[in-house]
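Structure, as structure tokens:
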Amino acid sequence: MPRLLLIETSSRLCSVAVAEGGCIVAEREELSIQGYRHAEALHPMIGEVLASAGLKVRDLTGIAAGQGPGSYTGLRIGLSAAKGLALPWGIPCYGVSSLEMLAEAVQEELRQSLKDDQALSIWTAMDARRMEVYEAFFEGSGKRICQDRPQIIDASWADRPAAWAGGDGVEKSLEHWPSLRDSGVRFARARHALAAASRCIHAGDSLDLAAWEPQYLKEFGQVL
């Protein structure tokens, strides 16, 4: 039975979860409004979810983490934690796009709120400062339409078709994209990595930990 530790630290929400047999059995999270407390919060939270699930690190069959895009600091903390836990026990690790996790979060919100037009595409965006975002598009089913990419918000966005949106890059995009529909989702949680991690496991796509790096999409200070 797969026993997975899921980690998400790409945004201001630090979140961890344990999944067993394809179901979430424990989760913890902390939202940092100002600054980041991920370095202090992450390992205690991991200890709490493992204890709640009745597991030790050595019992895990895999660890999955949001690998970006997102916060430089947050991503380094999350991937370092995953590697540090995995290496001593030879636990395979899996990287999940933070934007794909957001798409899962939007789908979850739409199902729970029973909103109309759930067949619309899903646009996920993370704030990249100034008038920039990291974005990705998905079908309403969750199937990816395009790869994660950095974009500059400009006047041409007024012609973009309607889509459901999620992420902390949404608010500054709304005035430039009139048909955009805000799902209200701002952050993905660790549990939203489960579907993608399960696909990686099925495909045998575990990572080389020595080469596993955050997917920043642009260098620090780079102008698009």
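The values are calculated or read from the model by the stated rules, or taken from the named source; none is laboratory data. Since this is a predicted model, take the numbers as computed values, not measurements. So basically every Cβ, Gly included, is an ideal-geometry build from the backbone, and we count neighbours across all protein chains shown. What goes into the accessible areas is simple: the full protein's heavy atoms, side chains included, and nothing from ligands, DNA or RNA. Shrake-Rupley method; radii C 1.70, N 1.55, O 1.52, S 1.80 Å.
Each stretch of four or more DSSP H residues adds -39500 (n - 2.57); spread over every residue of the chain, this sum gives -8000 deg cm²/dmol at 222 nm.
Computed extension gain for R199 through A211, at 0.36 nm per residue and net of the alpha carbon distance, reaches 2.3 nm. Take the Cα radius of gyration of the stretch 100-207 and divide it by 2.2 N^0.38 Å, N being the number of residues; the result is 1.07.
By accessible area, using a 1.4 Å probe on protein heavy atoms only, the stretch 108-224 has 50% of its surface on carbon and sulfur. By the equivalent-ellipsoid construction on the alpha carbon gyration tensor, the stretch 74-117 comes out with semi-axes of 32, 11, 8 Å, ordered largest to smallest.
The Kirkwood hydrodynamic radius of the stretch 145-195, based on inverse pair distances between different Cα atoms, is 12.3 Å. Taking trypsin sites (Lys or Arg not before Pro) across the stretch 75-126, the ones in a DSSP loop with at most 16 further Cβ atoms lying within 10 angstrom of their Cβ are K115. For the chain, a Gaussian network of Cα nodes joined below 10 Å ranks A128, A51, A197 by mean-square fluctuation, and the top entry is A51. Using every pair of distinct Cα positions in the stretch 25-138, the Kirkwood expression returns a hydrodynamic radius of 16.2 angstrom.
Membrane-span-like helices in the chain, defined here as complete DSSP H runs extending at least 20 Å along the helix axis by their C-alpha atoms with mean Kyte-Doolittle hydropathy no lower than 0.5, are 38-53, 72-86; this is a sequence and geometry rule, not a statement about a membrane.
For the stretch 158-224, the set of chymotrypsin sites (Phe, Trp or Tyr not before Pro) satisfying both a DSSP loop assignment and a count of at most 10 other C-beta atoms within 10 Å is given as F220. Annotation for the stretch 18-72: trypsin sites (Lys or Arg not before Pro) lying in DSSP loop with at most 12 further Cβ atoms inside 10 Å of their Cβ are K56. Evaluated at q = 0.18 Å⁻¹, a Debye calculation over the C-alpha positions of the chain (equal weights, vacuum) places log10 I(q)/I(0) at -1.31.
Multiplying the residue separation of R129 and T61 by 0.36 nm and subtracting their alpha-carbon distance yields 20.8 nm. Note on the stretch 66-131: with charges restricted to the Cβ of Lys and Arg (+1) and Asp and Glu (-1), its dipole about the Cα centre is near 420 debye. Summarising the label geometry, the points placed 7 Å from Cα in the beta-carbon direction at R149 and D182 lie 2.6 nm from one another. Going 7 Å from the Cα of S113 toward and past its Cβ, which residues in the stretch 152-191 have a backbone nitrogen under 12 Å from where you end up? Only 164-167, 181-186 pass the distance filter. The residues of the chain expose, per residue, 47 Å² of accessible area to a 1.4 Å probe. Taking the centroid of alpha carbons for each part, the stretch 1-44 and the stretch 124-145 are 21 Å apart. Straightening the chain between Y36 and A162 buys 42.0 nm, computed as 0.36 nm per residue apart minus the Cα-Cα spacing. Couplings 3J(HN,Hα) of the stretch 31-37, computed from phi: 9, 9, 6, 10, x, 10, 10 Hz, in residue order, whole Hz [Karplus 6.51 cos²θ - 1.76 cosθ + 1.60, θ = phi - 60°; x for Gly and Pro]. For the stretch 86-141, what percent of Cα pairs sit more than 18 Å apart? Of all Cα-Cα pairs in the stretch 86-141, 49 percent lie more than 18 Å apart.
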